[in-house]
Amino acid sequence: VPLSPMVSRRIQCRFNAIFLTNFSDNIGKEVISRFDTPLKTDGIFYTDSNGREILARRRDYRPTWNLSQTEPVAGNYYPVNSRIYMKDGKIQLTVLTDRSQGGSSIKDGSLELMVHRRLLYDDNRGVGEPLSEPGYDGNGLIVRGKHFIFLETVDDSAELHRLQAQAEYMAPWTIMAEGAGTPYSSHVNHVSEFSALKKELPHNLHLLTLAQWDPNSFLIRLEHQFELGESSVYSKPVTVDLTNLFSAFEITAVEEMSLGFNQRKEDVSRLTWKTVQELHSVKTASRRNDTSKHMVVLNPMEIRTFRVHIRHQ
């Protein structure tokens with residue numbers, strides 16, 4: 001799929017009914033989606049880490065040892081949970097996936113994602129069997145899916161791929177079934193819309209967890225969706241008033257917990273590690289602190305967990 005900066009900034013690419021059955025040449029098959037551009041990327045591309053932080057990748061390179069590359073394709077593939085992108089000084093090409101896949105940039109200006117594979121022989125990596133799943137009919141598994149492609153300026157790309165990736169991951173599933181209740185009637189007033197929030201959250205803030213802990217308290221986990229420096233608009237600390245957040249209940253007390261919700265934040269005692277200074281400079285956030293227990297601040301990429309005591313309205 002050749003792309004240039006003149007095309008639309010957002011494309012949805014679907015792949016439908018990919019299956020691998022012809023092995024008359026006795027060779028396994030791998031199917032990829034590849035996106036070629038004139039971008040000058042100097043061997044650098046980027047992949048996400050579990051859908052959040054972004055990691056820089058360099059072709060034929062390892063940061064902690066001198067690599068003697070004997071696998072120019074497989075040796076440059078990395079896990080892609082939600083996105084992969086490359087950029088030059090001005091333009092960025094980002095591809096969002098709808099599932100975890102392997103991805104790489106085998107040559108400058110090119111991105112590829114593996115969407116299907118079926119191999120006939122064990123690769124001697126420990127599994128002890130070839131990657132050849134026959135499926136229910138013996139003809140192999142069928143793969144369907146989609147990629148979202150963004151071609152935008154480097155400064156504006158994060159605002160597109162961060163929010164779209166979250167929307168895809170959290171997309172609602174519509175499931176219908178025959179019910180035993182009263183048949184629907186257009187003459188009866190029905191509740192057609194409900195929001196648990198009093199108002200929409202800022203775009204850089206996401207309500208990650210809302211779970212009842214006991215009859216009078218809830219677990220709330222909030223996350224900042226942007227990294228420091230990737231957006232001039234959203235890579236900034238954001239303040240939220242927990243007591244004015246929900247419509248179904250009123251928060252009467254707030255207690256911050258550890259990320260895993262197994263102890264109070266004030267009781268956490270973290271180990272102090274001796275580390276070696278990285279060769280490259282690490283960006284540090286201009287952090288803001290809370291003004292009260294219910295007015296909390298989330299800095300870029302921060303996740304915070306709270307136990308809130310509630311009173312139903």
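The values are calculated or read from the model by the stated rules, or taken from the named source; none is laboratory data. The model shown is predicted, which means the values in this text are computed figures rather than measured ones. A quick note on method: Cβ atoms are made from the backbone with ideal geometry, for glycine too, and the neighbour counts reach across all protein chains shown. For the accessible areas, the whole protein counts, side chains as well, though only heavy atoms, and no ligand, DNA or RNA atoms are used. Shrake-Rupley method; radii C 1.70, N 1.55, O 1.52, S 1.80 Å.
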Rounded FRET efficiency, nearest 0.05, which uses the C-beta distance separating A171 from K107 and R0 of 41 Å
0.75
In nanometres, what is the gap between the two model label sites at R311 and T275, each 7 Å from Cα along Cα-to-Cβ?
4.4 nm
Which label belongs to the value computed from this structure, given these candidates for Cα extents along the principal axes in Å: (i) 69, 63, 47; (ii) 72, 53, 46; (iii) 54, 47, 39?
(i)
Give me the distance between the Cα centres of segment 80-103 and segment 11-68, rounded to whole Å.
9 Å
For segment 85-239 the mean separation of alpha carbon contacts under 8 Å (6+ apart) over residue count, i.e. relative contact order in percent, is 19 percent
Taking all protein chains as present, what is the carbon and sulfur share of the accessible area of the chain, in % to the nearest whole number, probe 1.4 Å?
51 percent
Under 10 Å, Cα contacts only: if you run a Gaussian network model on the chain, which one of K265, K274, K107 comes out with the highest mean-square fluctuation?
K274
Expressed as a whole-number percentage, the relative contact order of the chain with C-alpha contacts under 8 angstrom and at least six residues apart is 17 percent
Gyration tensor verdict on segment 1-142 (Cα atoms; rounded if a/c is under 1.5, prolate if a/b is larger than b/c, oblate otherwise):
oblate
With springs connecting C-alpha atoms under 10 Å apart, model the chain as a Gaussian network and identify which of E193, E178, E53 has the largest mean-square fluctuation.
E178
In Å², rounded to a whole number, the accessible area per residue of the chain with probe 1.4 Å is 65 Å²
Let me have the 222 nm mean residue ellipticity of the chain computed from DSSP H runs of 4+ only, each contributing -39500 (n - 2.57), with the sum over all residues rounded to the nearest 500.
-1500 deg cm²/dmol
Above-threshold pairs, the threshold being 30 Å between Cα atoms, out of K87/K146; K107/K274; K29/K107:
K107/K274
When DSSP assigns beta bridges and you keep just the ones with both residues in the chain, what percent turn out antiparallel, to the nearest 5?
100 percent
Run the dipole for the chain about the Cα centre, Lys and Arg Cβ at +1, Asp and Glu Cβ at -1, nothing else charged, and hand back the magnitude in debye, nearest 20.
520 debye
FRET efficiency, T153 to R58 (Cβ-Cβ, R0 22 Å, nearest 0.05):
0.45
When the chain is modelled as a GNM with alpha-carbon springs shorter than 10 Å, which of L93, L197, L160 fluctuates the most?
L197
